[in-house]
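Colleague: To start, I am sharing the structure in question, which I have written as structure tokens.
The values are calculated or read from the model by the stated rules, or taken from the named source; none is laboratory data. Remember, it's a predicted structure, so these values are computed and weren't measured experimentally. For neighbour counting, all protein chains shown are included, and Cβ atoms are generated from backbone atoms with ideal geometry for every residue, glycine included.
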Amino acid sequence: MSLDLPPALVYLVGAGPGDPGLLTLKGRLALERAEVVLKDALVPEAFRAFNPRALWLEVGKRGYGEKTSQEEIHRLMAEHAGRGRVVVRLKGGDPMVFGRGGEEVLFLLEQGIPFVVVPGVSSATGVPSALGLPLTHRGMARGFSVLTGHDPFGLSADTLVFLMPLHQLPALKSVLLAHRPPHTPVALIGRGTWPNQAVALGRLEGLERLRAPDPALLVVGEVVGVLERLWPGTLGTQEAKDVGKD
Ligand code: SAH
């Protein structure tokens, strides 16, 4: 099988949520072509095995702490591509979901640097999916929204997926209680698809007491009830807590 991946100087590649097996075939091919990889801090070290010969530079945000500025990332892409090196910009999840991928493609366009975007499995869908947690479910949830913890809007969808929720749990609880009953089930999933994944299940009324390691996302809605029914089956021996539930 030949994969149709056109030649380019920069590949903007989505790494998926963390499990290296969830990288796409095109993503892997792009990594094999790379001479320089600009890797997001969120992407696990294990990805280096796809191309140990490339120069790997870690850029981007690590948790809520230190980060490389977006301008510096642009500069590094332009510098290496300018020397004729094939660059992979490896981003967590899908590059176009809360990943500033749009800014990066506009920059590359302005600079006249040929680029290709390789989609990835977004954590927003991939992390719940890997657990058997459906975001839509017949008779239960007709649609979902992907939001951030800092900027909750669009709260009308049946299922809500919040990225970057960890520092916002008390604030999210008060916003959500205006729209949903207190017993609405919630799941906080940390390091989804990583070997040390941790899942905390609870109810909206106990939201601020849920704990999970970074990176984490929060799913709110009746569909979390499906995960509760599967649990502990799909969660297996993983660390799982059940907080804020009567
Ligand atoms: N482009 C990425 C999202 C970048 S924002 C994507 O499509 O997935 C970073 C946020 O994504 C994290 O703060 C967290 O909320 C979420 N995230 C990324 N990987 C995750 C994982 N393995 N488990 C849980 N949440 C994750």
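Colleague: Just to be sure I understand, how many residues within segment 172-209 are within 13 Å of the ligand (Cβ to nearest atom) and more than 19 Å from the chain's Cα centre (by Cα)? Before you say what the answer is, go through the steps one by one.
Modeller: Taking segment 172-209 and keeping what is within 13 Å of the ligand (Cβ to nearest atom), we get 172, 187-200.
Restricting the remaining residues to those that are more than 19 Å from the chain's Cα centre (by Cα) gives 172.
Total satisfying the criteria: 1.
Colleague: Quick one: would you say residue 181 is outside any strand (DSSP E or B), over 20 Å from residue 123 (Cα atoms) and in contact (Cβ under 8 Å) with a residue 12 or more places away in the chain?
Modeller: Working: outside any strand (DSSP E or B): yes; over 20 Å from residue 123 (Cα atoms): yes; in contact (Cβ under 8 Å) with a residue 12 or more places away in the chain: yes.
Against the criterion (outside any strand (DSSP E or B), over 20 Å from residue 123 (Cα atoms) and in contact (Cβ under 8 Å) with a residue 12 or more places away in the chain), residue 181 qualifies.
Colleague: To continue, here is another question. Identify all residues within segment 175-195 that are over 17 Å from residue 145 (Cβ atoms) and at pLDDT below 95; write none if there are none.
Modeller: If the condition is that a residue be over 17 Å from residue 145 (Cβ atoms) and at pLDDT below 95, then 195 is the only one that fits.
Colleague: Determine which member of the set 218, 204, 177 is surrounded by 15 or more Cβ atoms within 10 Å (Cβ to Cβ) and out of contact with any Lys or Arg (no Cβ under 8 Å at 6 or more places or on another chain). Explain how you work it out, then say what you get.
Modeller: Numbers: 204 fails: out of contact with any Lys or Arg (no Cβ under 8 Å at 6 or more places or on another chain); 177 fails: surrounded by 15 or more Cβ atoms within 10 Å (Cβ to Cβ).
The match here is 218.
Colleague: Let me ask another. Please find, among 108, 76, the residue that is more than 16 Å from the ligand (Cβ to nearest atom), crowded, with 20+ Cβ neighbours inside 10 Å and modelled with pLDDT of 95 or more. Break it down stepwise before answering.
Modeller: Values: 76 fails: crowded, with 20+ Cβ neighbours inside 10 Å.
So the residue among 108, 76 that is more than 16 Å from the ligand (Cβ to nearest atom), crowded, with 20+ Cβ neighbours inside 10 Å and modelled with pLDDT of 95 or more is 108.
Colleague: Specify which of the listed residues (60, 65, 92) is modelled with pLDDT under 95, of a type outside the set (Lys, Arg) and surrounded by 13 or more Cβ atoms within 10 Å (Cβ to Cβ). So that I can check it myself, show each step before the final result.
Modeller: Values: 65 fails: surrounded by 13 or more Cβ atoms within 10 Å (Cβ to Cβ); 92 fails: modelled with pLDDT under 95.
None of the other options fit; the residue is 60.
Colleague: Return the residues of segment 6-35 that are away from the ligand (no atom under 16 Å from the Cβ) and out of contact with any Phe, Trp or Tyr (no Cβ under 8 Å at 6 or more places or on another chain); say none if nothing qualifies. Spell out the reasoning first.
Modeller: The first filter runs over segment 6-35 and keeps only residues away from the ligand (no atom under 16 Å from the Cβ), leaving 6-10, 25-26, 28-35.
Within segment 6-35, 6, 7, 25, 26, 29, 35 meet the criteria.
Colleague: Would segment 138-151 turn up any residue that is surrounded by fewer than 17 Cβ atoms within 10 Å (Cβ to Cβ), out of contact with any helix residue (DSSP H, G or I) (no Cβ under 9 Å at 6 or more places or on another chain) and among the acidic types (Asp, Glu)?
Modeller: Step one: of segment 138-151, the residues surrounded by fewer than 17 Cβ atoms within 10 Å (Cβ to Cβ) are 138-140, 142-143, 148, 150-151.
Those left that are additionally out of contact with any helix residue (DSSP H, G or I) (no Cβ under 9 Å at 6 or more places or on another chain): 138-139, 142-143, 151.
With among the acidic types (Asp, Glu) added as a condition, the list becomes 151.
Scanning segment 138-151 turns up at least one residue that is surrounded by fewer than 17 Cβ atoms within 10 Å (Cβ to Cβ), out of contact with any helix residue (DSSP H, G or I) (no Cβ under 9 Å at 6 or more places or on another chain) and among the acidic types (Asp, Glu).
Colleague: List pairs: first residue in segment 212-233 and among the acidic types (Asp, Glu), second residue within 16 Å of the ligand (Cβ to nearest atom) and part of a helix (DSSP H, G or I) anywhere in the structure, Cβ distance under 9 angstrom, at least six positions apart or on different chains.
Modeller: 214/166
Colleague: Then there is this: Considering each of 147, 160 in turn, give the residue that is out of contact with any His (no Cβ under 6 Å at 6 or more places or on another chain), farther than 23 Å from residue 20 by Cα, within 16 Å of the ligand (Cβ to nearest atom) and without any contact (Cβ under 8 Å) to a residue 60 or more places away in the chain. First the steps, then the outcome.
Modeller: Values: 160 fails: without any contact (Cβ under 8 Å) to a residue 60 or more places away in the chain.
It is 147.
Colleague: For residue 86, indicate whether it is touching a Ser or Thr at 6+ places or on another chain (Cβ under 6 Å) and among the aliphatic types (A, V, I, L, M). Lay out the reasoning, then the answer.
Modeller: Values: touching a Ser or Thr at 6+ places or on another chain (Cβ under 6 Å): no; among the aliphatic types (A, V, I, L, M): yes.
So residue 86 does not fit the description; no.
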